[in-house]
Structures are given as C-alpha cells and as structure tokens.
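The values are calculated or read from the model by the stated rules, or taken from the named source; none is laboratory data. Keep in mind that what you see is a predicted model, and the values were worked out from it rather than measured. Positions of Cβ are backbone-derived with ideal geometry, glycine not excepted, and every protein chain shown enters the neighbour counts.
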Amino acid sequence: MTQTMTKPPSRLGRLREKRTTPFDAVTVAIALLLIAIVIIPLGRVVVGMFWVDGQFTTGPIARTLAVPDLPQLILNTLIVVAGSSILAVVIGVLLAWLNERTTARMGVIGDALPLLPFLLPPVAGAVGWTMLLSPRAGLLNAWFRDFIGIFGIEMETGPFNINSWYGLVMVFAFYAVPFVYMNAAASLRSFDTSLEEASRLSGASPLRTLVKVTLPAIAPGIGAGLLLSIWFGFGMFSIPSIIGTPAGIDVLSVRIVQLLTFTYPPETDVAVGLSAFIVLFVGLAYALQVRILRKGRYATLTGKGARSNPTNLGVWKWPLRGLMLLYVAGSTLLPMFALVIVSLNGYWTPKIGWDSLSLRALQAAVIDDRITREALANSLGLGVVGGLIGIIAAALVALYVARKRTGFAQALDLGIKMPAAVSNMVIAVGILLLLAGPPFGLGGTLAILLIGYIALYLPQASIAADAAVSSVGKELPEASAISGASPLRTFVKVYLPLMVPGLVAGWALLFIRMVGDLTASAILAGTGNPVVGFRILEVFNGGSYALLAALSTVLVLITATVLVVVMVYARRKSRFGITAKIG
C-alpha cells in the first residue's frame, strides 16, 4: 500500500505516455500527411525524368543535356551561390563574434540587427536595391553624381550597377547572413571560453585567438549556416530574376520558372531535368556539412561553457559598432527607404519632389487596382490559414516526438524537417507536376498554393514548434495525466496555453514567409489565383515601377506590423505569465 502511494508520478506519467491513444493516431496521421506532401512531389520529379506518357524514356535527360547554354547556366549558378555563401559566412561569423565575444556588443539591439533582413522579403529587397543602384535612375547613383558634379566631375551613369555580378552576389549574401549568424552565435554562446582566455593570456591578439581557437571550435555551427545559405541560394528565384536577368546572368532557378510559367507550351521535362542539378548540388553541400560535423567532434569542448570577460577591443570598439550599424543600414534600411520614397512619389525618378510626396500614389497603385487588391487578399488569406495549419500541425507532431521518444517518432521528426535539405524550387516543381493536372486538377487554384506553402515552410514550423514544446515542463502534463485527463484534454488545457507565445512567434514567421514568397508563387500561381509574389513579378516584367514600389512597400508594412504585434504580445505574456488549467 505504501509503495503504491509513494510511486513517483513521473513513472506513472511515462506508463500512460507509452499507450497509443486516438489522439496519438490522429497526430501520426497528420505527420504522415505532411511528409507525404513533400516526399510524393519529390518522387514525382525523379520519376518524371525517366517516365513520360506512361513509358520509360531518357528523353528528359537528353533534352536537358542538349540545352545550348547548360554549362554556362550551371557555372553562373555555382558562382552566385558559392560567392554569396562564402561572403555570408565571413559577415555572419564576424557579427556573431562581435556580439558574443567582444566589448563591441550592443545587447539585445546587437542580437536583433543581423536578423533584420528577415523583415524585408527578398522580392521587396531586390526591388529596393534596383531602385537604389540602377545605373541611370538609381537614387544613390544619381545623388552621388550630383555630389561629385559640385567638383566638376561629370558622369552620365553609375558609378554603381546593381545589375552585375557583384550586385547579385551582394544581395544574395545579405539574405544568407542571418542563417550563418544564428548558428554561429548559438555555437559561441555554448562554447567553453577557457581556451580563449588562455590564448589571450599567452599574448595572442584577438584576431589570432579568433582564427586559431574560436573558429575551429564552432566549425559545426558555421557548417550548418553554410548549408542553409547554399540551400537558400539554389532555391531563390526573386533576387536573380529581378537583379540578374537584366544583367544577362541566367541561373537554374530562373530558367526553371521560365520553362514552366513563361513558355508555351511549358517545357516540363527540361525543367525537371534542370531541377535534378539542384538536387545534386544541395546533396553535395549536405555531404560537406557531414564532413565538417565529423571533424568538429575533435574541436568541440566538453563540459558546460562559462561566461568570461569579453575580448577588450579598446579604441576599435566604437568603429566596429559603427560598421555593424552601417551593415544594417546597407542591407535593410536603404532598400526600405527607396521603396517608400518611390511609392509616395508616384513614379521612379532621382529628382524627388519632397514637398509633393503623398499617400495618394500608394492608394492608386494598390487599393484602386483590382488585380493587386485580389493578390493582396489572396496572400493575406493564405498566410493566415497556411501559418495556422502549419504551426498547429507541427506542434502536434513535436509534442508526439517529445512524449514518445521512440525510433518511429524520431523518423517522423526527420521527415517533417527534410524539406530544409531540398531546394524550394524542386519541391514546387514536384507539387505542380503532381497536383496541377488529372486526377487532382488543382492547377490555377489557391489550394495548390496553400499545399505548396505548407510543404516549403514545414521545417521552420517544426523548429518553432520544437522550441515551444521544450518550454513546457513535465510536472503539469504528468499531473493532468494522473488526474485522468485524456491526451487531447491535456493538450488543450495544459500544453496549448503554455505553448501559445512560441506558437504565435512560429505562426508569424510562417505568415511572413508565405506572404512574401515568390519561389512557389512563380510556379504555382497564375491569373486565376494571383498572389503578391506573382503580381510583383508581373509588374516588374511590365515595367510599372511605381506600382512595383507600392506593392513592395505594402508587403514590408504588413510584415513589420505582424512582427511588432507578435513581439509586444510575447513580451506581455512573458511579463504576466500564462496559466494552464487542469481539471
């Protein structure tokens, strides 16, 4: 009797968790469905290379290899992705080191600044940079020419040209830096600092300590950031389309969209063949990361890291802080400024009439245009609904994995996160091939876009849900189980209230990514289901720059508003706390 009454509640809770309940069955079914909307389209891409019109053929491969400029296309893609990824690693690691290990750190502001490019969707950023550094009408170029004209130096164009190799690589890098920064900063926070202290005490300079001690130890984190940068680069369509195409720099992602969307009839077999190259290169990047991780086992330090005195940069502290602020201004604030000014001015010209700026131009370009209104409504609806479906489904799966901790549960978790290792472009192509035609017939509908968005951004939802689940302790769920509550009731009354702040943040991330998406939108959207990304592409090709700036400005305002609201909400919840009801 005594032993029964004193049995630890955690053991009883674990026994209850091992049982399979209808709630668990539903969760597993949801997980398998989410995995299927990624695995089956990928399989369709692979099958499409060898099976056409009901028979085996090598025609798609032959036609792909016969593309006249295929070698140049691949070379261009590799140069842009490799160049931007290397630049992103240099900038991201330097920013992480300055914020985590030196006296140049600026607290929470320093942590947030490198992540600001997430606030500006890539399509809007590419448009903003075009309006800043276009050779003739670019705002910065024109103002610079006016300035040097004071000294008698005359220039008709330039001096900078965003439609160039360096412009394309630069903008790619701006959007890849956050991936590197987040992983490098996390590695630095968990890194034991005793060797850094020993290096400094032995007389090594801060730079030598960084190169010889810190970087080898955080190599796994850098490798993860590099892989994400490469994955991002191969799947990116908006930046090379808006910046690279006018410069004659063709890359794989842009050619695939052209073959599927802007070619009649669509050359699907060649697009599938080109997608295979993206799969190959992303796979090679993943193999590279595995090698880095294996080597990193000999460089990482055991034991719990302890905070040490940051590296004293002396007189260099303020100049380096200035460089960090300058980087943020260049990567995010300047293109935002260009978008807002052009949209308020009503047309793109370096001769801004500052006293005539008005919201009327913005209203005429966005509110009064029927197609643009429809695109905005569709994007907002897809962002809200897709974000909710994605984050709730991911939360159920994350909770199942955390509770069960079996090999099957781990396999489900791996399958949910798998899209992060595959290019967005390839997944979108697979969804188009699978669902657009018979028997589903979803081509040109909002349903195919919703499925595509959920499939593409499933890994982000899973990671956010993992963080939300990990914030919930074991005591309250075990108490709920002991009191006889079902798993569903425990989820609704205990887990969900405690997970709300993390889930809201995850939903905001999904909403922003879905509303600003152009990769899936360029392939899956059309005149019957316009969304913001596809509309921006149409307007860009039509040359209506005022509408282009207005659309991009509205997109930035929407994402900024969502982020601010979520940050305020999260702060209020953390301040006043959240209660879970059991009973």
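Before moving on, here are some points about what is shown:
- Any pair with Cβ under 7 angstrom, 6 or more apart, that starts in the stretch 213-238 at a residue that is within 24 Å of Val251 (Cβ to Cβ) and ends at one that is not in a helix (DSSP H, G or I): Trp231/Ser423; Phe234/Ser423; Gly235/Ser423; Phe237/Leu518; Ser238/Leu518
- Pairs with Cβ under 7 Å, 6+ apart, first in the stretch 250-266 and small (Gly, Ala, Ser), second not in a helix (DSSP H, G or I): Ser253/Met236; Ser253/Phe237
- Residues located in the stretch 141-165, provided they are closer than 18 Å to Met131 by Cα and among the aromatic types (Phe, Trp, Tyr): Trp143, Phe144, Phe160, Trp165
- Note on the stretch 446-505: no enclosed helices (runs of 4 or more DSSP H) hold 3 or more residues that are farther than 19 Å from Ala31 by Cα, at pLDDT 75 or above and β-branched (Val, Ile, Thr).
- Hey, Ala428 of a type in the set (A, V, I, L, M) and in contact with a Phe, Trp or Tyr (Cβ under 7 Å, 6 or more places away or on another chain) or not: no
- Residue count for the stretch 44-90 satisfying the condition of being of a type in the set (Asp, Glu) and over 30 Å from Ser164 (Cα atoms): 1.
- Residue within the stretch 160-174 that is surrounded by fewer than 19 Cβ atoms within 10 Å (Cβ to Cβ) and more than 33 Å from the chain's Cα centre (by Cα) present: no
- When the residues of the stretch 19-76 are filtered to those that are loosely packed, with under 13 Cβ neighbours inside 10 Å and either touching a Lys or Arg at 6+ places or on another chain (Cβ under 8 Å) or assigned to a strand (DSSP E or B) (or both), the one that is modelled with the highest pLDDT is Phe56.
- Matching residues, the stretch 92-107, being among the aliphatic types (A, V, I, L, M) and out of contact with any Phe, Trp or Tyr (no Cβ under 7 Å at 6 or more places or on another chain): Val93, Leu94, Leu98, Ala104, Met106
- In the stretch 222-266, residue farthest from the chain's Cα centre (by Cα) [restricted to those that are closer than 30 Å to Ala186 by Cα and outside any helix (DSSP H, G or I)]: Phe237
- Test: residue in the stretch 372-387 that is not in a helix (DSSP H, G or I) and not assigned by TED's automatic domain parsing to the domain that holds Gly128: no
- So Gly430, is it modelled with pLDDT under 85, in a loop (DSSP other than H, G, I, E, B) and not assigned by TED's automatic domain parsing to the domain that holds Val272: no
- Selection from the stretch 375-425 of residues that are in contact with a Gly (Cβ under 7 Å, 6 or more places away or on another chain) and modelled with pLDDT of 80 or more: Ile391
- The lone exception for Asp355 - which of (1) touching a residue at least 12 places away in the same chain (Cβ under 8 Å); (2) loosely packed, with under 13 Cβ neighbours inside 10 Å it fails: (1)
- In the stretch 486-496, the residues that are surrounded by fewer than 16 Cβ atoms within 10 Å (Cβ to Cβ) and within 14 Å of Val469 (Cα to Cα): Val492
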